Amino acid sequence: MFDTTHFPKAKTYWHMGKFYDWSSAHLHPMSHALHYGSSVFEGIRAYPTPRGPAIFRLKEHIDRFLHSAAAAKMKVPYPRREIVSIIKQTLLKNRLQSAYIRPLLFFAYGNLGLVPKHCPVEMLVATWEWGAYLGEKSANGVCVCLVPWRRVHYSQLDMRAKLGGIYVQSTICGLEARQRGCDEAVFMNIEGNIAEGPGENIFIYRNGVLKTNDKTESILEGITRTSILEIARDNGIKTKVGPIKKEEFFRADEAFFTGTAVEVVAITRILDSSNPKAKDKKYTLGNGKPGPVTGRLRDIFMAVVRGKVKKYDKWLTYVRG
């Protein structure tokens, strides 16, 4: 039996045309993806709305899912329309109103050479109820550790793709940050600028301007990031896209993470561990609490995903119609 403590309300998952009880396992330990990270995935959320559960920006997530598969040289076993249907069915099967959704494509059992010549591509969809990604205390802001390892560079791989193997760097540095007493890691890029978190984009706010960076700074241009940029502009907040220098990050009036899992979470404290030859330095942003711009954007975002702002209804896919 598999404990569902960390997968609340998860009852079933979908794999290659069938639903399986959450506690059942049937993947071979010699599956290619288990050894080499040869997988692509999406993180998607559904929220309760007055019209029932709605999936936030499903079209954009499926676009990226298919782009990732192409980048990984995978032949997707199901067409787009069927993938959408499977995601909806899995939500309904688990009777979830609020959910995190994980579609996964991976090279399965066949051969174990680095090149998966004989490994079929299989697809899995799982969903469960997932609350605050960085914990309930994150509502008061989080402490981040600026780690010494630089983010994978955009010249090395297609940074628009969510490739499973890349995330081992996120795992290692996320653990490192927590060992140093912080809530999350932050990467710099090879150029020495601020890149992103292990699974989050970064915004800073200073002197009336909201700023984030783009793919040339070695980031995944997240779907939540794109949404926050549009919401900010629509609400009269001046925005800018460009490199974020380390000193800009330290001097920001406010800073926050965005991402499907994290949603919008304020960064209030920074531990600079980026130079392993120097002593760590600590910084506090603003008064050490989530700032008003961060709070405003989070409130609007949470209203949008719950179907309370008609203008952004275009971003919602209602599961029952």
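The values are calculated or read from the model by the stated rules, or taken from the named source; none is laboratory data. Everything quoted here is computed from the prediction, not taken from an experiment. Positions of Cβ are generated from backbone atoms using ideal geometry, with glycine treated the same way; all protein chains shown enter the neighbour counts.
For the stretch 206-220, which residues satisfy the criterion of being buried (at least 24 other Cβ atoms within 10 Å of the Cβ) and in contact with a Gly (Cβ under 8 Å, 6 or more places away or on another chain)? Listed by number, the list holds a single entry, Asn213. Out of Tyr47, Tyr78, Tyr109, Tyr100, one residue alone is under 20 Å from the mean Cα position of the chain (by Cα), farther than 23 Å from Pro198 by Cβ and not aliphatic (A, V, I, L, M). It is Tyr47.
Pairs are defined by a Cβ separation below 8 Å, a sequence spacing of at least 6 or placement on different chains, a first member in the stretch 163-191 that is over 18 Å from Ile267 (Cα atoms) and assigned by TED's automatic domain parsing to the domain that holds Val142, and a second member that is assigned to a strand (DSSP E or B) and of a type outside the set (A, V, I, L, M); the pairs so defined are Leu163/Ser39; Gly164/Ser39; Gly164/Phe41; Gly164/Phe106; Gly165/Ser39.
Yes or no, residue by residue, for (1) surrounded by 15 or more Cβ atoms within 10 Å (Cβ to Cβ); (2) touching a residue at least 40 places away in the same chain (Cβ under 8 Å); (3) out of contact with any Leu (no Cβ under 6 Å at 6 or more places or on another chain); (4) hydrophobic (A, V, I, L, M, F, W, C):
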| position | (1), (2), (3), (4) |
| --- | --- |
| Pro79 | no, no, yes, no |
| Ile86 | yes, yes, yes, yes |
| Ala108 | yes, yes, yes, yes |
| Asn111 | no, yes, yes, no |
| Pro116 | yes, yes, yes, no |
| Ser138 | yes, yes, yes, no |
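Within the set Gly321, Gly236, Gly307, Gly288, the sole residue that is more than 14 Å from Phe203 (Cβ to Cβ) and modelled with pLDDT under 95 turns out to be Gly321. Only one entry in Gly259, Gly236, Gly208 is without any contact (Cβ under 8 Å) to a residue 12 or more places away in the chain and assigned by TED's automatic domain parsing to the domain that holds Lys282, namely Gly236.
Looking only at the stretch 1-17, residues that are surrounded by fewer than 13 Cβ atoms within 10 Å (Cβ to Cβ) and over 24 Å from Glu82 (Cβ atoms) come to 5 in all.
When restricted to residues that are of a type in the set (D, E, K, R) and not in a loop (DSSP other than H, G, I, E, B), the stretch 6-39 contains 2. Considering only the stretch 43-66, state which residues are more than 16 Å from Pro77 (Cα to Cα) and of a type in the set (Asp, Glu). Hit for the stretch 43-66 is Glu60, nothing else.
Take the conditions within 21 Å of Tyr100 (Cα to Cα) and not in a strand (DSSP E or B) and apply them to Thr171. Does it pass? Judged against the criteria, Thr171 is a match. Scanning the stretch 245-275 for residues that are of a type in the set (Ser, Thr, Tyr) and under 19 Å from Lys289 (Cα atoms) gives Thr258, Thr268.
Table: residues versus (1) surrounded by 17 or more Cβ atoms within 10 Å (Cβ to Cβ); (2) modelled with pLDDT of 95 or more; (3) within 19 Å of Trp128 (Cβ to Cβ).
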{"site": "Ala25", "(1), (2), (3)": "no, no, yes"}
{"site": "Ser38", "(1), (2), (3)": "yes, yes, no"}
{"site": "Glu42", "(1), (2), (3)": "yes, yes, yes"}
{"site": "Ile62", "(1), (2), (3)": "yes, yes, no"}
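Look at Tyr20 and say whether it is surrounded by fewer than 17 Cβ atoms within 10 Å (Cβ to Cβ), modelled with pLDDT of 95 or more and aromatic (Phe, Trp, Tyr). Spelling it out, Tyr20 is indeed surrounded by fewer than 17 Cβ atoms within 10 Å (Cβ to Cβ), modelled with pLDDT of 95 or more and aromatic (Phe, Trp, Tyr).
Here the stretch 237-280 is the region considered, the condition is being under 21 Å from the mean Cα position of the chain (by Cα), of a type in the set (A, V, I, L, M, F, W, C) and farther than 20 Å from Asp183 by Cα, and the residue that is surrounded by the fewest Cβ atoms within 10 Å (Cβ to Cβ) is Val241. Every test in (1) in contact (Cβ under 8 Å) with a residue 40 or more places away in the chain; (2) surrounded by 15 or more Cβ atoms within 10 Å (Cβ to Cβ) is passed by Leu34 save one, and that test is (1). Being among the acidic types (Asp, Glu), closer than 20 Å to Arg64 by Cα and in contact with a Phe, Trp or Tyr (Cβ under 7 Å, 6 or more places away or on another chain) holds for only one residue in Glu200, Glu217, and it is Glu200.
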